[in-house]
There are 2 protein chains.
Amino acid sequence: MTGFSLRGTIMHTPERGTCDVVERALVEVGADGAITRVLKPDDAEYETALEEARTAGRLTELSGNQYLLPGLIDLHIHAPQWPQLGKSLHLPLYDWLQNCTFPLEAKYADTAFADRVYGSLVSSLLANGTTTAVYFATAHLEATQRLADHCIEKGQRGFVGKVVMDDPEQCPDYYRDASAAQALDETVAFIEYVRGLDGNGSELVRPIVTPRFIPSCSDDALSGLGAIAHDHKCHVQTHCSESDWEHSFVLDRHGKTDTQSLADFGLITRHTVLAHSNFISDPDMDLIGNVGAGIAHCPLSNFYFSNAVFPLRAALNKGLHVGLGTDISGGHSASMLHACRYAVAASRALEDGVDAALAAETRGRANARIDFMEAFWLATAGGAQALDLKVGRFAPGYRFDAMLVDAGVEDSSLLVWDDLDTAEDVFQKIVYTAERNNIRKVWVDGIIRLDKTA
Amino acid sequence: MTGFSLRGTIMHTPERGTCDVVERALVEVGADGAITRVLKPDDAEYETALEEARTAGRLTELSGNQYLLPGLIDLHIHAPQWPQLGKSLHLPLYDWLQNCTFPLEAKYADTAFADRVYGSLVSSLLANGTTTAVYFATAHLEATQRLADHCIEKGQRGFVGKVVMDDPEQCPDYYRDASAAQALDETVAFIEYVRGLDGNGSELVRPIVTPRFIPSCSDDALSGLGAIAHDHKCHVQTHCSESDWEHSFVLDRHGKTDTQSLADFGLITRHTVLAHSNFISDPDMDLIGNVGAGIAHCPLSNFYFSNAVFPLRAALNKGLHVGLGTDISGGHSASMLHACRYAVAASRALEDGVDAALAAETRGRANARIDFMEAFWLATAGGAQALDLKVGRFAPGYRFDAMLVDAGVEDSSLLVWDDLDTAEDVFQKIVYTAERNNIRKVWVDGIIRLDKTA
């Protein structure tokens, strides 16, 4: 492969709070999958580069209905809960966990079941434009290896974690690690497995150390995982201060916040992703910010399981690294564009408040709202920053992870009115109205991984 | 036409808070478009009825991936704002209204523009399964007539209103009724036009008296419209206590609440639909409940323009008639299934509160949440009750307005796992994950109005 060039309208958000839309842009991608140049029509080299690409037969031109956007980065997915997407959400948390989620996760002792579900999941996320996915798998080593295999096979950039949950007080007998020692051994085995996978070029798929959350782990497991993350230079993910219950549980058990406790176990690093973090304090934020750890804001599932909206604006103002997650299946959608929409809605609910019986000035928290540009930034460049990856924007040196959005498909919810909509309007319409069927091609690391036009 | 029968899985919510799912149900529809019988496999007449329908060649059998649900009822749509769906939502309300929405609505002085937009809108709503739509048009008589024409032509059950907005203080010079008298004359002319339309069988399309809201209308216009609604036995729609601003404005101008003021103008009747009503007081609720007026809860647009969540549970507990609206384009989606999802999210935000800095017990309003069954009831049977229509459920005597949902389409977000999902699970998955491309056929008044399988 010698690389290729794409010409058409590109839309991305390299800087938070603004958007960059270029019509007739020329994006050059090298043989190694990295972007080499992004040219605008008035750049001096544009015409020559265009002609060269055309002559070399490596130019693809987008049609007027088509738009090229960065691939979406989903920072928080419970892969085994995929069959449960959009169901059981009417149940209280305890029933949801004990009667639905844990029994479902326990099924992954069967690797054939894992293959069936994970194949569907990875394909569906790619079909939604998710080019990077951060996965909690289950406590099972083999099934978790299968998830990594599916990511490699389908070409999705993935962080995959074997879940550690060894505390007999909080985890069911039929579904937990037998001991802290075994959980740690299997975590190391999993890291080595993923790093040795055939075809894992550019570290497309990486292992991630994954204590489920403090309540389900023994202190031995937590400190052991902190050491493994350090020794193996490995990413970390866990849940942090998601709900009133979780936040209080950790305060009771360790006499400090979730964030502080995780930090003391060595689990908060530049390469950590903390899911939710709705109840983090100001000192927690400072700690997270100083280390440069990331937060996976999951606005949709927060409406169901979190008792509050993540204080996103406060976190962004402190310079924290924040991205978005679907939190499948606590969230009922696999679409990161849906996550963008719910992130805006949640931020506005926080700003204005929700209870009309309260006076306007006491109802919400001023200046909390984000707009579509900030939401899309979270879903792309922000997520990339949290993961320390060079993806999520169109710029030289960044990996080419992208999706082609087409407004001209049958049954499109995305409608463009050529005489009424500016290119910036179309960008906003994509964020607010595009659905899975508008996403026609997906590239990861410069390679087409899904082509619905074929 | 001699009627027809459908056999397959039906899913509906005739009683709020429960769902009724029947596999291999037999639904018989008469030549007049009304449901005559709904039989379950263990009903005594089932086998005979099935055999008769089969012999007569009037039986359609759904496949295992297909589900029959009532058509969706959208109680609040600004038809002229259709080209603006999903854009301009980053702007403050004043800019949104003055720089985007009013200039757009003014374009409908051109009926060719109206034809172009309204044709697209009615088709798109049908494609989303919306069988009944309650429309604000614009202040233009002719363009509003064209919207009624498009509903008739495409077979959508519609309530269409010429918007009245005559107050020079609040409406722009380039877009308002010239006088109260002209607004009233045109309202009567529109009522007569719609009632005389060719092909308006079963009153498929009806006129609806439509003061935009109190701030944009003179008292003369408001009292005149109240008289017209009474004299012409006509439905009424308007906005009511949507935001802090609107609620305060009416208190200042009339010294009473929106609801009380509208009632005093004769605008609150059994056939009134009040959009939003977020800030209605307890006495307002009692007034609305005593009259049997309806409320169009628009959860998605409320996140953008309303400063609070509608106190749905309180309204339902008082027995008010409530349904859902998309509020295009204050809401960014044409899908009433999306409206269901945002209704659940909003209700949970109200219950739990949003600001993590507050103590849990002071953060929200207890018992506010609804589940998917109540949301779907609002979008079907609840909306029908608000409009006083016999639609929204599968029962003898009800009009057959329905949609066929198919989980087997390409690029489906709705995934069914036959060995893991009960039929009730599938119902929940449809409410939470089905998209426009899952809706394959739509019937209104017993006639197929859209068939994507053809």
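Details
- For segment A:190-242, the candidate set comprises residues that are touching a helix residue (DSSP H, G or I) at 6+ places or on another chain (Cβ under 6 Å) and of a type in the set (Gly, Ala, Ser); within that set, the residue that is nearest to A:His140 (Cα to Cα) is A:Ala221.
- Restricting attention to segment A:338-353, the residues that are within 7 Å of another protein chain (Cβ to nearest Cβ), in contact with a strand residue (DSSP E or B) (Cβ under 9 Å, 6 or more places away or on another chain) and among the aliphatic types (A, V, I, L, M) add up to 2.
- Subset of segment A:427-450 [basic (Lys, Arg) and more than 8 Å from chain B (Cβ to nearest Cβ)]: A:Arg440, A:Lys441, A:Arg449
- Being crowded, with 17+ Cβ neighbours inside 10 Å and in the same structural domain as B:Ser329 (by TED's automatic domain parsing) holds for only one residue in B:Asp149, B:Asp110, B:Asp173, and it is B:Asp149.
- A:His332 within 10 Å of chain B (Cβ to nearest Cβ), touching a residue at least 12 places away in the same chain (Cβ under 8 Å) and either surrounded by 21 or more Cβ atoms within 10 Å (Cβ to Cβ) or farther than 25 Å from B:Asn438 by Cα (or both): yes
- Test: residue in segment A:370-386 that is touching a helix residue (DSSP H, G or I) at 6+ places or on another chain (Cβ under 6 Å), closer than 12 Å to A:Pro70 by Cβ and in the same structural domain as A:Gly292 (by TED's automatic domain parsing): yes
- Hey, B:Tyr108 of a type in the set (Ser, Thr, Tyr) and part of a strand (DSSP E or B) or not: no
- Number of residues in segment A:31-67 that are at positive phi and either under 27 Å from the mean Cα position of the chain (by Cα) or acidic (Asp, Glu) (or both): the value is 1.
- Residue check, B:Leu126 part of a helix (DSSP H, G or I), within 11 Å of chain A (Cβ to nearest Cβ) and farther than 22 Å from B:Val236 by Cβ: no
- Selection count where residues are more than 19 Å from A:Gly397 (Cα to Cα) and crowded, with 18+ Cβ neighbours inside 10 Å, scope segment A:7-20: 3
- Of the numbered criteria (1) within 14 Å of another protein chain (Cβ to nearest Cβ); (2) in contact with a Leu (Cβ under 6 Å, 6 or more places away or on another chain); (3) of a type outside the set (Ser, Thr, Tyr), the one A:Phe303 fails is (2).
- As a summary of the residue check, B:Leu287 satisfies the conditions (1) farther than 20 Å from B:Thr144 by Cα; (2) aliphatic (A, V, I, L, M); (3) buried (at least 24 other Cβ atoms within 10 Å of the Cβ) except for the one numbered (3).
- The listed residue being among the β-branched types (Val, Ile, Thr) and assigned to a helix (DSSP H, G or I), out of B:Val117, B:Val160: B:Val117
- Filtering segment A:270-286 to residues that are among the aliphatic types (A, V, I, L, M) and over 14 Å from the mean Cα position of the chain (by Cα) leaves A:Ile280, A:Met285.
- Output for segment A:148-189, where each listed residue is polar (S, T, N, Q) and within 23 Å of A:Leu222 (Cα to Cα): A:Gln170, A:Ser179, A:Gln182, A:Thr187
The rows are residues; the columns are (1) buried (at least 23 other Cβ atoms within 10 Å of the Cβ); (2) under 18 Å from A:Asp74 (Cβ atoms); (3) at the interface with chain B (Cβ under 9 Å from one of its Cβ atoms); (4) touching a strand residue (DSSP E or B) at 6+ places or on another chain (Cβ under 9 Å).
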site: A:Gly382; (1), (2), (3), (4): yes, yes, no, yes
site: A:Asp388; (1), (2), (3), (4): no, yes, no, yes
site: A:Ala395; (1), (2), (3), (4): no, no, no, yes
site: A:Phe400; (1), (2), (3), (4): yes, no, no, yes
site: A:Leu404; (1), (2), (3), (4): yes, no, no, yes
site: A:Ser412; (1), (2), (3), (4): no, no, yes, yes
site: A:Asp425; (1), (2), (3), (4): no, no, yes, no
site: A:Lys452; (1), (2), (3), (4): no, no, yes, yes
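- The requirement of being modelled with pLDDT of 95 or more, within 19 Å of the chain's Cα centre (by Cα) and assigned to a loop (DSSP other than H, G, I, E, B) is fulfilled nowhere in segment A:355-362; no residue meets it.
- Members of segment A:34-69 found to be touching a helix residue (DSSP H, G or I) at 6+ places or on another chain (Cβ under 8 Å), surrounded by fewer than 18 Cβ atoms within 10 Å (Cβ to Cβ) and touching a residue at least 60 places away in the same chain (Cβ under 8 Å), listed by number: A:Arg37
- Of all residue pairs spaced 6 or more apart or on separate chains, those with beta-carbon atoms under 6 Å, a first member in segment B:406-420 that is closer than 20 Å to A:Ile328 by Cα and a second member that is surrounded by fewer than 20 Cβ atoms within 10 Å (Cβ to Cβ) and not hydrophobic (A, V, I, L, M, F, W, C) are B:Ala407/B:Asn65.
- Among the residues making up segment B:78-95, those that are within 12 Å of chain A (Cβ to nearest Cβ) and modelled with pLDDT under 95 are B:His90, B:Leu91, B:Pro92, B:Leu93.
The values are calculated or read from the model by the stated rules, or taken from the named source; none is laboratory data. Worth saying up front: this structure is predicted, and the values here are computed from it rather than measured. Counting neighbours? That spans all protein chains shown, and the Cβs are built from the backbone with ideal geometry, glycine included.
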